[in-house]
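Enquirer: This is the structure, below, for whatever I ask next.
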There are 2 protein chains.
Amino acid sequence: MPDQSNSSHPCGNCAFYRDSIWQPVSSSCVSVLSRGFSRRDLIAGQSLYYQDDDNRGVFCVSKGLIALRTQHHDGTSTLMRLAYPGEIIGFRSFLESRPHRTEARALVGSRVCTVAQRDARHVVQGNPSVLTRLASRCIKEIDRNHERIIAAATTSNKQRLSDILLRLMETHGERTGQFLHMQLPLSRSDLADLIGVQTETVSRLFTRIQADGIFRVSGREVQMLSVPSNKKSANM
Amino acid sequence: MPDQSNSSHPCGNCAFYRDSIWQPVSSSCVSVLSRGFSRRDLIAGQSLYYQDDDNRGVFCVSKGLIALRTQHHDGTSTLMRLAYPGEIIGFRSFLESRPHRTEARALVGSRVCTVAQRDARHVVQGNPSVLTRLASRCIKEIDRNHERIIAAATTSNKQRLSDILLRLMETHGERTGQFLHMQLPLSRSDLADLIGVQTETVSRLFTRIQADGIFRVSGREVQMLSVPSNKKSANM
DNA sequence: CGAGGAGTTGAGCACGGTCAAGGATTGTGG
DNA sequence: CCACAATCCTTGACCGTGCTCAACTCCTCG
C-alpha cells in the first residue's frame, strides 16, 4: 500500500514519504490532510513552539535539526532530544491534549511540516493505522530514552560526547579527502545540557577527545578523521 | 462510560478498574477479553518474562512490585523501571511485535494479569480507544524517562537515592507512631543499577543519607521519620 | 564446617563541579 | 573605522564525589 511518491498527498514528494505516519490514509482523508497541512522554514535559533504552549498540531521535521529542550525552575535547562529529518515532534502534547513540556528550537536552518491539530484529529479518528504509527513513534522515543539512560549509566562523558559528534557528523558532515568536517550546530552549553555536565567540562572533554587523534575541534568547526575502520576506539 | 465495578469484565473487581486500558470496550469484546485473561502470582525473585523473549501479551501489575531490567553485553545491567500496581508492562514488545528488551522480575510477592497477545490484538482492533489508552501509557513512560534523565542531570545521587526510598515508602511503608518502616524490596546492587553507580557507592550514600536524620537503614530494614512537614530537606 | 552472596569500609586516584580570570569573536553605536 | 559590550569559549586551582581494588563481616545454605 505505501507508495513511493504521490503527488496528491501533501507528503507525497517528501523524502520521508514512505515512512510518513500520514500514509496510507483513506482517500477521503487525503484532502483533510491537505487542508490542515503547512510548511514552515525556520532560521537557526528560531522556535517552533515554547514550553507550556498549547498544542497546535503534529509536527514533522523535513530538514535541518530541531532541539527539544525543557527549562527548569532554577533557570537551568536540559536538552532532551535532537530531532532529525523524518522525525515527528510534539506528539505527546497532541496525543494527551496538553501543553508542550519542551521548547522546540531550530539549531540550523530547518523546515518543519505541520498538520493542524483539528485536522490531525480528524484523520487519526478515521484511520486507526495512523494511531498505530504514532504509537510506534512513541516507542521509538522510549527506546531512545532508554539508550540514553543506559549510556549515562555505563559510558563515560567523554565517550558520550564523541558519540554525539559522530552522530552529528553522519547527518551534517561533508567529506574532504579522508576528513569529514562540519559546523557544529550546538553551542558548548547545548552540548553540556545534552550530556548533563557543565560547559567548562565540555571544553575539557574536547581537549581529551582531541588527544585521541580522531577529532579536531576549533570553536564550531569540527574535523574528523574518517578512514573506514571497524576498530572501535578503546576510550574509557 | 467507565464503570466503578463490573463483574462481567475480567478487570471488573480490580482496584484499578476505572483506569484500566481494557475499559470500556464493546460488549462483544468483553468475552474476548475474558477468554484471553489470566492472573498469575509471582514470588519474590520470579521472572514474568526474560529479555529477548517473544511477546505473549499485555501485562498489568495488579499488586506487588516488578523490576524491568536490561542486561548489557558486558554483564552489567540497568534497572530501567519499577512497575507499581496499576501499571502496564510489556507494551513495547506487544505494540511493535518484537522481543522484549527488558526482563520483568518480581521484587516482592506480586500478582500480574495478562491478556494473551492474540486476544489483545483482537480487542485493540475492534476498539480504537484501547489503542488510545495504550498510547497514553507510552507517553507516561516517556514522561517518566524524561524525569529520570532530568534528575540524573540536575540532582545528586544522594538526593536521587533518597527520592527512591521515599517513593518506595509511599507504597510499601507501614506506620508505627511517627515512623514509617519497610523491608527494602531491592538489593544494594539493584539500587546501584537504578541510579547508575557502584554498590559501594550505594553503601556510602546510605551513610550520608542517615547523617541527615530522616532515614535509618540497616540491611533491608528502612525506617523513616515521617512528621508531616512541607519543609523540603536542603540536601545537595 | 566451608562456600558463597550481600553488604561495609578504607586507600588512592580520576573526573567533574565551582569559582575566577582571561581570550576570542561578533555585533552595535559613535 | 574604532571602541565597547556581550557572548562564547578556554584554562587554572581547589576540592568533593565516586570508581577501583582490596579486605573484612555477616548471614544463609549445603
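The values are calculated or read from the model by the stated rules, or taken from the named source; none is laboratory data. Just so we're clear, the structure is a prediction, and the values are computed from it rather than from any experiment. When we count neighbours, we look across all protein chains shown, and the Cβ atoms used for this are built from the backbone with ideal geometry, even at glycine. To get the accessible areas, we keep the full protein, side chains included, count just its heavy atoms, and leave off ligands, DNA and RNA. Shrake-Rupley method; radii C 1.70, N 1.55, O 1.52, S 1.80 Å.
Enquirer: If you scan the stretch A:160-204, which residues turn out to be surrounded by 19 or more Cβ atoms within 10 Å (Cβ to Cβ) and among the hydroxyl-bearing types (Ser, Thr, Tyr)?
Expert: Answer for the stretch A:160-204, where residues must be surrounded by 19 or more Cβ atoms within 10 Å (Cβ to Cβ) and among the hydroxyl-bearing types (Ser, Thr, Tyr): just A:Ser162.
Enquirer: Which one is nearest to DNA strand D (Cβ to nearest atom) among residues in the stretch A:130-157 that are at the interface with chain B (Cβ under 10 Å from one of its Cβ atoms) and among the polar types (S, T, N, Q)?
Expert: A:Thr154
Enquirer: Just the residues that are among the hydroxyl-bearing types (Ser, Thr, Tyr) and within 12 Å of B:Val61 (Cβ to Cβ), please, taken from the stretch B:94-113. Can you show your working first?
Expert: Kept after step one, since they are among the hydroxyl-bearing types (Ser, Thr, Tyr), are these residues of the stretch B:94-113: B:97, B:102, B:110.
The one that is among the hydroxyl-bearing types (Ser, Thr, Tyr) and within 12 Å of B:Val61 (Cβ to Cβ): B:Ser110.
Here's the yes/no breakdown for (1) over 30 Å from A:Arg208 (Cα atoms); (2) within 14 Å of chain B (Cβ to nearest Cβ); (3) free of Cβ contacts under 8 Å to residues at least 12 places away in the same chain:
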{"site": "A:Gly64", "(1), (2), (3)": "no, no, no"}
{"site": "A:Ala67", "(1), (2), (3)": "no, no, no"}
{"site": "A:Gly75", "(1), (2), (3)": "no, yes, yes"}
{"site": "A:Phe91", "(1), (2), (3)": "yes, yes, no"}
{"site": "A:Ala116", "(1), (2), (3)": "yes, no, no"}
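Enquirer: Look at B:Arg160 and say whether it is more than 17 Å from B:Arg105 (Cβ to Cβ) and within 14 Å of DNA strand D (Cβ to nearest atom).
Expert: On the way: more than 17 Å from B:Arg105 (Cβ to Cβ): yes; within 14 Å of DNA strand D (Cβ to nearest atom): yes.
In short, yes.
Enquirer: Looking at (1) open to solvent by 10 Å² or more (accessible area, probe 1.4 Å); (2) more than 9 Å from chain B (Cβ to nearest Cβ); (3) farther than 29 Å from B:Met80 by Cβ, can you tell me which one A:Gln125 breaks?
Expert: Looking at each condition in turn, A:Gln125 falls short on (2).
Enquirer: Moving on to the next point. For the stretch B:58-90, name all the residues that are aromatic (Phe, Trp, Tyr) and open to solvent by less than 10 Å² (accessible area, probe 1.4 Å).
Expert: Just the residues of the stretch B:58-90 that are aromatic (Phe, Trp, Tyr), to begin with: B:59, B:84.
Correct list: B:Phe59 only.
Enquirer: Kindly indicate the residue of the stretch B:200-236 that is within 14 Å of chain A (Cβ to nearest Cβ) and at pLDDT below 95 and also nearest to DNA strand C (Cβ to nearest atom) among those meeting that condition.
Expert: Within the stretch B:200-236, the subset within 14 Å of chain A (Cβ to nearest Cβ) is B:201-202, B:232, B:234, B:236.
When the remaining residues are screened for being at pLDDT below 95, the result is B:232, B:234, B:236.
Details: B:Lys232: 18, B:Ala234: 14, B:Met236: 8 Å.
The selected residue is B:Met236.
Enquirer: If you don't mind, another one. Given the conditions (1) closer than 30 Å to A:Leu79 by Cβ; (2) open to solvent by 60 Å² or more (accessible area, probe 1.4 Å), which single one is not true for B:Val227?
Expert: Only one criterion is unmet by B:Val227, namely (1).
Enquirer: Continuing with this model, one more query. Given the conditions (1) within 16 Å of DNA strand C (Cβ to nearest atom); (2) of a type in the set (S, T, N, Q); (3) more than 14 Å from chain B (Cβ to nearest Cβ); (4) free of Cβ contacts under 8 Å to residues at least 40 places away in the same chain, which single one is not true for A:Ser162?
Expert: In the conditions (1) within 16 Å of DNA strand C (Cβ to nearest atom); (2) of a type in the set (S, T, N, Q); (3) more than 14 Å from chain B (Cβ to nearest Cβ); (4) free of Cβ contacts under 8 Å to residues at least 40 places away in the same chain, A:Ser162 misses (4) alone.
Enquirer: May I ask you to list the residues in the stretch A:165-190 that are without any contact (Cβ under 8 Å) to a residue 40 or more places away in the chain and either of a type in the set (Asp, Glu) or over 20 Å from A:Leu225 (Cα atoms) (or both)?
Expert: Matches in the stretch A:165-190: A:Glu170, A:Glu174, A:Ser187, A:Arg188, A:Ser189.
Enquirer: All but one of (1) more than 16 Å from DNA strand C (Cβ to nearest atom); (2) within 14 Å of chain B (Cβ to nearest Cβ) hold for A:Val197, so report the exception by its number.
Expert: Unmet condition: (1).
Table: residues versus (1) part of a strand (DSSP E or B); (2) hydroxyl-bearing (Ser, Thr, Tyr).
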| position | (1), (2) |
| --- | --- |
| B:Cys11 | no, no |
| B:Ile21 | no, no |
| B:Ser28 | no, yes |
| B:Ser31 | no, yes |
| B:Arg35 | no, no |
| B:Asp54 | no, no |
| B:Ser62 | yes, yes |
| B:Asp74 | no, no |
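Enquirer: Return the residue satisfying two criteria in turn: it lies in the stretch A:95-114 and is more than 10 Å from chain B (Cβ to nearest Cβ) and not in a strand (DSSP E or B), and of such residues it is nearest to B:Ala152 (Cα to Cα).
Expert: So the first thing to find is which residues in the stretch A:95-114 are more than 10 Å from chain B (Cβ to nearest Cβ), and the list is A:97, A:99-100, A:103-114.
Keeping just the survivors that are not in a strand (DSSP E or B) gives A:97, A:99-100, A:107-109.
Values: A:Ser97: 28, A:Pro99: 24, A:His100: 22, A:Leu107: 24, A:Val108: 28, A:Gly109: 31 Å.
My answer is A:His100.
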